[in-house]
Structures are given as structure tokens and as C-alpha cells.
Amino acid sequence: MTKGRVALVTGGTRGIGAAISLALRDAGYRVAANYYGNDAAAERFTEENKIPAFKFDVAEYAAVQEGVKQITAELGPIEVLVNNAGITRDGTMHRMTPEQWEEVIHTNLSSCFNLARGVIDSMRDRGFGRIVNIGSINGQAGQYGQVNYAAAKSGIHGFTKALAQEAAAKGITVNAIAPGYVDTDMVRAVPYHVLEKIIAKIPMGRLGRAEDIARGVLFLVADDADYITGATLSINGGQHMY
Ligand code: NDP
């Protein structure tokens with residue numbers, strides 16, 4: 001019954017989210033791709049892939065509830081939620097501004113609450129739901145210059161385990177994926193000399209591809225993945241062992 005289930009991917013028109021949207025579509029899901037800032041990329045994505053894009057800020061509770069309402073009206077109740085949207089605003093603690101802290105916490109972590117809150121009632125009513133939250137290796141291990149990002153991503157892992165416990169009795173699974181460094185715009189912003197050192201620590205010897213993460217999402221949202229919940233799947237070419 002995977003076919004036809006409605007899946008919402010936040011930040012689903014670029015980078016990892018775009019690969020997730022495409023993988024879900026190819027597997028027969030009816031996909032809604034959310035985005036917020038980059039209209040041109042979203043228009044291109046929709047035109048090329050025939051996946052509708054919905055513009056709202058995942059950090060804003062009211063906007064998210066409106067977005068969920070609109071998607072439900074157009075496609076049907078959301079049964080699969082992938083909390084993927086995220087940003088970085090790096091800086092060491094002595095230089096980080098409260099704005100950098102808040103923007104990253106709200107966009108990366110509060111968004112998971114905003115979205116899950118928007119879909120949980122209907123998932124409970126239907127007795128089925130799949131939620132996948134995209135964390136990060138830097139939420140597991142920390143990272144220089146990223147107290148805001150590491151805190152938000154680490155928060156996602158706790159959020160996942162708490163919600164998994166609450167939701168299990170209603171047929172809803174909640175899992176996280178912790179990607180390593182994946183070749184997207186986000187990582188292209190990291191200076192090459194820093195990336196070189198990071199790649200040297202990856203046993204597989206390369207950056208991840210967005211499709212590597214999408215493969216994990218597809219696995220976790222499958223109907224018959226119903227005994228996997230509260231788990232974190234590390235997809236990082238083995239980097240988590242170092
Ligand atoms: P990109 O920067 O390539 O894409 C980010 C996506 O999130 C875009 O679609 C963007 O929309 C969307 N987005 C950002 N802010 C908001 C917002 N306020 N509301 C709605 N959508 C928003 O990032 P990646 O694909 O690299 O990252 C995707 C996820 O994976 C993030 O959570 C990131 O933290 C995580 N991750 C990435 C890693 C990497 O190495 N790339 C490693 C570990 C985790 P728009 O197009 O409109 O700007």
C-alpha cells in the first residue's frame with residue numbers, strides 16, 4: 001500500500017531533499033516538496049520532475065500549519081513526513097550572534113516540532129505514519145564553529161526517540177538519519193582545505209551523494225519497516241567510527 005501514500009519532504013526541492021523527493025516519487029508516493037527561499041530552484045524542480053512545491057517557512061509554526069492544510073487539501077492526508085530542511089550559520093562561540101543561534105535552532109529543530117505537530121493528529125487517526133528526521137554526524141560528534149548546528153541536530157536525535165515512544169502504539173514510526181558530509185550546496189560552502197581534511201577521515205574516501213541519504217529514507221518509510229522506530233541510521237561512509 002506504499003503506492004499513493006502522500007509524503008511531505010521539507011527542503012525538498014534542492015540538495016538532499018530533492019533526491020529524497022525523487023526517490024519517493026519513483027517508489028510510487030505522491031510527493032509534496034516544501035521550500036522557502038529559492039523560488040527559481042523550486043520552479044525548475046517542479047517543472048522538470050512534476051512534483052508540486054509548497055512555499056512556507058518551516059521555522060514558523062502558523063505558516064507550517066497553513067502549509068500542511070494546503071497540502072492535505074490538494075494531495076490528501078500526509079502519511080510520510082521527512083523533516084529535511086536545514087541551514088548553517090557557522091561561527092565560533094566568541095563571534096556567534098544570538099541571531100545565528102536562533103535562526104539555526106528554529107529552522108533545524110523547532111521545524112521538527114512544527115511539522116510533526118501539524119501531521120500527528122491525522123497520523124494517529126489513520127493508525128499509520130512514518131516520520132524521518134534528518135540529523136547530522138555533527139549532532140552526534142559536535143563540530144568546531146557549529147555550536148548552534150550541533151545543538152539543533154543533537155536535539156533532533158532526542159526528539160526522535162521521545163516521539164517514537166509516544167507514537168508507537170498508533171502505528172507511527174519515528175526515526176533519524178545522520179548523514180556525514182554530502183556533496184550539496186551546503187557542503188560546497190565549506191572551504192576546500194577544510195573539506196580535504198574531512199574526506200581524509202572518511203573510510204570510503206569520498207563525500208556522500210544525496211542519493212545515499214534518499215536510499216535510507218526509502219528504507220525507513222516503507223510500510224514493512226514497521227518494527228524500526230527510535231533508531232538513528234548513520235550514512236557517512238564510515239566516518240562515525242573516527
Ligand atoms: P541545502 O542547503 O542544499 O538545501 C537546504 C534545503 O532546505 C533547501 O531546499 C532550502 O529551501 C530548505 N530550507 C532552508 N531553510 C528553510 C526554511 N526556513 N523553510 C523551508 N525550507 C527551508 O542543504 P542539504 O541538502 O545539504 O541539507 C539537507 C539537510 O541535511 C539539512 O537538514 C542539513 O542540515 C542536513 N545535513 C546535510 C549534510 C551535508 O553534508 N550536506 C550533512 C548532514 C546533514 P530553498 O531551496 O528555498 O532555499
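Where a number appears in this text, it was derived from the coordinates with a stated rule and is not lab data. All figures in this text were calculated on a predicted structure; none of them were measured in a lab. Cβ sites come from the backbone with ideal geometry, for glycine too, and all protein chains shown count toward neighbours.
Summary table below
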| read-out | value |
| --- | --- |
| Matching residues, region 171-210, being in contact (Cβ under 8 Å) with a residue 24 or more places away in the chain, part of a helix (DSSP H, G or I) and surrounded by fewer than 15 Cβ atoms within 10 Å (Cβ to Cβ) | 185 |
| Considering residues of region 62-74 that are of a type outside the set (Asp, Glu) and surrounded by fewer than 17 Cβ atoms within 10 Å (Cβ to Cβ) only, the residue nearest to residue 28 (Cα to Cα) | 73 |
| Matching residues, region 6-54, being among the basic types (Lys, Arg) and touching a Gly at 6+ places or on another chain (Cβ under 8 Å) | 30 |
| Complete set of residues in region 1-50 that are surrounded by fewer than 23 Cβ atoms within 10 Å (Cβ to Cβ), free of Cβ contacts under 8 Å to residues at least 40 places away in the same chain and β-branched (Val, Ile, Thr) | 46 |
| Among the residues listed as 73, 85, 63, 59, the single one being touching an Asp or Glu at 6+ places or on another chain (Cβ under 7 Å) and not basic (Lys, Arg) | 63 |
| Enumeration of residues in region 27-72 that are in contact with a helix residue (DSSP H, G or I) (Cβ under 7 Å, 6 or more places away or on another chain) and small (Gly, Ala, Ser) | 27, 32, 33, 53, 59 |
| Condition broken by residue 77, with the remaining ones in (1) within 14 Å of the ligand (Cβ to nearest atom); (2) farther than 19 Å from residue 20 by Cβ satisfied | (1) |
